[in-house]
Amino acid sequence: MKVGIIILAWNSEKRILDCLDSLNRYCYDFSTYVVDNNSKDNTVQILKKNYPDINIILSNSNLGFSGGNNLGFTQAIKDGCDYVVLLNDDVIILEDFISPLVRKMENDKTIGSIGPVVVENFDRNIIQSAGGKINLLTLDMKYLNQGKFYNKINKIKNVDYILGAAIIVRTNLFENASLFDPHYYPAYVEEVDLCYRIKKMGYSNKIYCNYKIAHIGSLSASNNSITYRRILNNKFLFAIKYLSIVNIFLSVNFLLAKFFVNILLKKINRNL
């Protein structure tokens, strides 16, 4: 059994070492791939200086979240990885969550993906995401238990999707297909699409509540006007890919109504 860790980096000079140092402290017995998405800062130089033996994959352009991770996934498949761990470059590893989660997947072949609870880095007792739930009528993609206090319990639960900041995937499900759909560019909704495809294959997506990882990035970024519109666009794409004509009509009209209400309430900028 071989496990590969894929970390996508883009202009990450201020955060990549915190991520790798914490990873090296707890999860050092795995192959690590850092995919640089054509950074314009000193990310690559910092990696070569501080981690000269790490696998660095250089992209000639910014492929977005999906394309960059697909680049790393292709190499992990070539190297014979049975599982890949996808990590954001702004996560902080708090414990070895990889070994126990992979053991669960080894013991239960129906698990297609699994992840730890993601907590806020500014307060590691506060949950950022314990998986997510998809409403196919409204296309609401709700983060479960967001803002609640984290309780360490030895429990595994089924979820519709797992936050892309930390997710482990069984590689043989995607040996003949892309891991992420690159049309979700530059980011957002791609992990929802991934986990939805896994469920359609007959596998489950699970959260192991006994383990957690800290994420610096905040989910409140969805309040930003540009981010909001990118999420909206990618929700349209999700609807077109998976829903019936009737459901697309209902879902898209709901999203548009919500969008215009947010403009009227000045929650987003209509000129962006």
**Request:** Give the residue that is surrounded by the most Cβ atoms within 10 Å (Cβ to Cβ), with candidates limited to residues of the stretch 158-190 that are touching a residue at least 12 places away in the same chain (Cβ under 8 Å) and over 25 Å from Ile231 (Cβ atoms).
**Result:** Arg170
**Asked** For the stretch 1-67, which strands (runs of 3 or more DSSP E) that fit wholly inside it have 3 or more residues that are among the hydroxyl-bearing types (Ser, Thr, Tyr)?
**Response** 31-36
**Item:** Test result for Leu20, under 21 Å from Ile167 (Cβ atoms), in contact (Cβ under 8 Å) with a residue 60 or more places away in the chain and assigned by TED's automatic domain parsing to the domain that holds Ile216
**Value:** no
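Taking the options Lys199, Lys206, Lys212, name whichever one is part of a helix (DSSP H, G or I) and assigned by TED's automatic domain parsing to the domain that holds Ala76. Let's see the steps before the verdict.
Working: Lys206 fails: part of a helix (DSSP H, G or I); Lys212 fails: part of a helix (DSSP H, G or I).
Testing whether each residue is part of a helix (DSSP H, G or I) and assigned by TED's automatic domain parsing to the domain that holds Ala76 leaves just Lys199.
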**Request:** Report the residue count in the stretch 84-112 for those that are of a type in the set (Asp, Glu) and assigned to a helix (DSSP H, G or I).
**Result:** 1
**Prompt:** Regarding Thr43, is this residue of a type outside the set (A, V, I, L, M), crowded, with 22+ Cβ neighbours inside 10 Å and either in the same structural domain as Tyr188 (by TED's automatic domain parsing) or closer than 18 Å to Gly164 by Cα (or both)?
**Reply:** yes
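The values are calculated or read from the model by the stated rules, or taken from the named source; none is laboratory data. Note that this is a predicted model, so its numbers are computed, not measured. In this analysis, Cβ positions are derived from the backbone assuming ideal geometry, glycine residues included, and neighbour counts consider all displayed protein chains.
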